[in-house]
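So the structure is just underneath, and the comments pick up after that.
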Ligand SMILES: Cc1cc2nc3c(=O)[nH]c(=O)nc-3n(C[C@H](O)[C@H](O)[C@H](O)COP(=O)(O)O)c2cc1C
């Protein structure tokens, strides 16, 4: 497998075939890509809602009306739709949960290792909470890493995808009860298989030239 071929062939899918579903085994791999996406200090400040049925997709599609209407059929016709959510706060309870998981997973064999890990993570978390005061922005950056991981991974699995920022965030937060769960929606990714109406599949890709975006030192 040449990873560059996947970067060159994947594209933002503009129309999905509603009859084609992602097989369960591949859907499981998608969940693994989400869960194992890297995040700064392994803080994992996210939650993913996945809809693989018409009722679930219809709830998400409510947020793609009016100015966002072009995205509604993508959400309805995709096989699976992922809503990427960011935590509203990086609180002590979440930090304790991450630390406990790392201990369960065998990464912190001694009390000293546990204390060091907590100290290191808290250093960065507190920097963003109290000094830079950009914790929300910092957490959302981590969420977007998971978007990138998913997009390339989907391409590798032969699954088409469309990332979607064009939706009514407040409406989706209300629909999914996100505020009550300490979450906010950040971005949606529709996944499935393109239909013949996917005009973007027929267009050449366009990117700025190498020299405009890469400087060799
Ligand atoms: C964060 C993000 C949000 C996007 N939102 C939308 C969207 O709301 N609707 C849409 O059709 N495409 C959306 N796109 C697709 C981009 O327009 C597309 O990725 C870009 O033009 C590059 O084309 P390519 O992905 O086909 O290579 C989004 C892409 C990203 C990364």
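The values are calculated or read from the model by the stated rules, or taken from the named source; none is laboratory data. Here the structure is a predicted model, which is why all the values come from computation and not from measurement. Please note: Cβ atoms are built from the backbone with ideal geometry, for glycine as well, and neighbour counts cover all protein chains shown.
What's the number of the only condition in (1) loosely packed, with under 14 Cβ neighbours inside 10 Å; (2) in contact (Cβ under 8 Å) with a residue 60 or more places away in the chain; (3) away from the ligand (no atom under 16 Å from the Cβ); (4) closer than 30 Å to residue 174 by Cα that residue 44 fails to meet?
Unmet for residue 44, out of (1) loosely packed, with under 14 Cβ neighbours inside 10 Å; (2) in contact (Cβ under 8 Å) with a residue 60 or more places away in the chain; (3) away from the ligand (no atom under 16 Å from the Cβ); (4) closer than 30 Å to residue 174 by Cα: (1).
Quick check on my filter: what residues within the stretch 197-207 are touching a residue at least 60 places away in the same chain (Cβ under 8 Å), part of a loop (DSSP other than H, G, I, E, B) and either surrounded by 18 or more Cβ atoms within 10 Å (Cβ to Cβ) or more than 9 Å from the ligand (Cβ to nearest atom) (or both)?
The answer is 197, 198.
So, in the stretch 11-21, of the ones that are more than 9 Å from the ligand (Cβ to nearest atom) and surrounded by 12 or more Cβ atoms within 10 Å (Cβ to Cβ), which residue ends up nearest to residue 197 (Cα to Cα)?
By that ranking, first place goes to 15.
Which residue pairs have Cβ atoms closer than 6 Å, lie 6 or more positions apart in sequence or on different chains, and pair a first residue in the stretch 1-25 that is at negative phi with a second residue that is more than 16 Å from the ligand (Cβ to nearest atom) and not in a loop (DSSP other than H, G, I, E, B)?
What qualifies is 22/80.
Condition check: within 16 Å of the ligand (Cβ to nearest atom), touching a residue at least 24 places away in the same chain (Cβ under 8 Å) and part of a helix (DSSP H, G or I). Does residue 86 satisfy that?
When the stated conditions are applied, residue 86 does not pass them.
Given the structure, is residue 8 within 16 Å of the ligand (Cβ to nearest atom), closer than 18 Å to residue 145 by Cβ, modelled with pLDDT of 95 or more and part of a helix (DSSP H, G or I)?
So residue 8 does not fit the description; no.
If the requirement is being free of Cβ contacts under 8 Å to residues at least 40 places away in the same chain and either within 12 Å of the ligand (Cβ to nearest atom) or under 27 Å from residue 192 (Cα atoms) (or both), which of these qualifies: 78, 170, 97, 70?
Residue meeting the stated conditions: 170.
From 186, 113, grab the single residue that is in a strand (DSSP E or B) and farther than 23 Å from residue 54 by Cβ.
Numbers: 113 fails: in a strand (DSSP E or B).
Every option except 186 fails the conditions.
Every residue, every condition in (1) within 16 Å of residue 78 (Cβ to Cβ); (2) surrounded by 17 or more Cβ atoms within 10 Å (Cβ to Cβ), yes or no:
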| position | (1), (2) |
| --- | --- |
| 130 | no, no |
| 138 | no, yes |
| 148 | no, no |
| 152 | no, no |
| 159 | yes, yes |
| 162 | yes, yes |
| 169 | no, no |
| 173 | no, yes |
| 178 | no, yes |
